[in-house]
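Let me begin by presenting the structure, written as structure tokens, before commenting on it.
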Amino acid sequence: MKPIAPGTVIFHRHRGYGVLTAVNLLTGWVAARFGDETRTLDLDLSHDELQHADGELILFRRMPPERMPHARLMAMVRALHQAGYQRLYLYSWPKPSGLHWRWQLFTGPRHWMQRPWREGWYGSGAEYNFNPVMGWGDAPGASSTELIHALAQFDPVGLAHALGRDEDHSLWFATVCDALLPNYAYSLAMDQPNLPLPPHLPIITVRQRLPEYAGIPLPWPPGWQGIWSPDALSGKHQPRSIVRHDIIPSSIRLPFDF
């Protein structure tokens with residue numbers, strides 16, 4: 001079946017040709033505008049028998065769709081690790097509302113708290129629900145190979161920074177992928193300031209109506225606990241202070257209180 005997104009031309013047996021203005025892949029409801037009507041019409045993909053402009057039926061999957069792209073990203077990153085791009089890292093964390101999880105890919109040194117931001121290399125499950133793409137020219141439902149090719153065309157310079165070896169992290173990542181994919185993903189969540197660091201890696205589901213993860217406990221990434229101070233590990237989540245000498249001019253003196 002062809003993917004659908006806002007802007008897709010559709011055909012309705014009673015109203016004729018129209019254009020989708022919103023798509024919610026979690027519920028199966030879409031909004032469409034027909035002809036010169038000023039108001040949009042809400043339609044259910046399961047019952048309203050919508051078609052593409054060429055007559056192909058638009059069918060809503062009964063299996064719950066992904067509410068976040070983290071599992072697809074994990075599969076893509078594992079494939080890149082196997083191809084020698086081991087300095088590629090996936091950071092994921094919950095939004096303050098707790099309803100969705102954010103994600104970010106970054107390359108180069110493994111600095112979890114000082115991640116370089118590149119356009120198109122980050123996103124949120126809240127955006128993914130209505131526009132199920134990563135943001136680098138990929139198509140909805142693209143496979144891992146298609147995602148890699150789209151990313152390489154979108155930002156070849158950024159992807160080149162990932163070329164290199166990080167055997168500890170790639171081994172950990174492969175173990176996590178084997179245990180979680182395709183229905184689960186990990187979260188580097190430090191969202192409970194009054195609780196200590198959990199002993200094992202937090203696991204999230206990427207689809208609704210899935211049971212909670214009941215597999216083997218998974219460890220945190222290599223070096224993760226080393227970036228947190230003893231107070232943070234006991235419940236006060238403040239990362240260790242790191243002075244970036246590479247970005248501070250030598251003529252500037254920083255006041256330190258001992």
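For this structure, a couple of remarks:
- The Cα center of region 61-132 and the Cα center of region 153-186 differ in position by 10 Å.
- Of the GluC sites (Glu not before Pro) found in region 123-219, those in coil by DSSP whose Cβ has at most 10 other Cβ atoms within 10 Å are 212.
- Atom-type composition of the exposed protein surface of region 64-200 places 54 percent of the accessible area on carbon and sulfur (1.4 angstrom probe).
- Low-density loop positions, trypsin sites (Lys or Arg not before Pro), region 17-80 - DSSP coil, at most 13 other Cβ in 10 Å: 39, 61, 62
- Average accessible surface for region 1-112: 50 Å² per residue, computed with a 1.4 Å probe over protein heavy atoms with every protein chain in place.
- Taking a ≥ b ≥ c as the square roots of the eigenvalues of the alpha carbon gyration tensor, region 34-179 is prolate, as a/c is not under 1.5 and a/b beats b/c.
- Sorted from longest to shortest, the spans of the Cα atoms of region 8-68 along the three principal axes equal 34, 23, 17 Å.
- Cleavage-rule hits (GluC sites (Glu not before Pro)) in region 1-84: DSSP loop, at most 16 neighbouring Cβ within 10 angstrom: 37, 49, 56
- For region 77-166, share of DSSP beta bridges that run antiparallel, in % to the nearest 5: 90
The values are calculated or read from the model by the stated rules, or taken from the named source; none is laboratory data. All values reported here derive from a predicted model rather than from experimental measurement. Every residue, glycine as well, gets a Cβ built from its backbone with ideal geometry; the counts of neighbours run over all protein chains shown. For the accessible areas, the whole protein counts, side chains as well, though only heavy atoms, and no ligand, DNA or RNA atoms are used. Shrake-Rupley method; radii C 1.70, N 1.55, O 1.52, S 1.80 Å.
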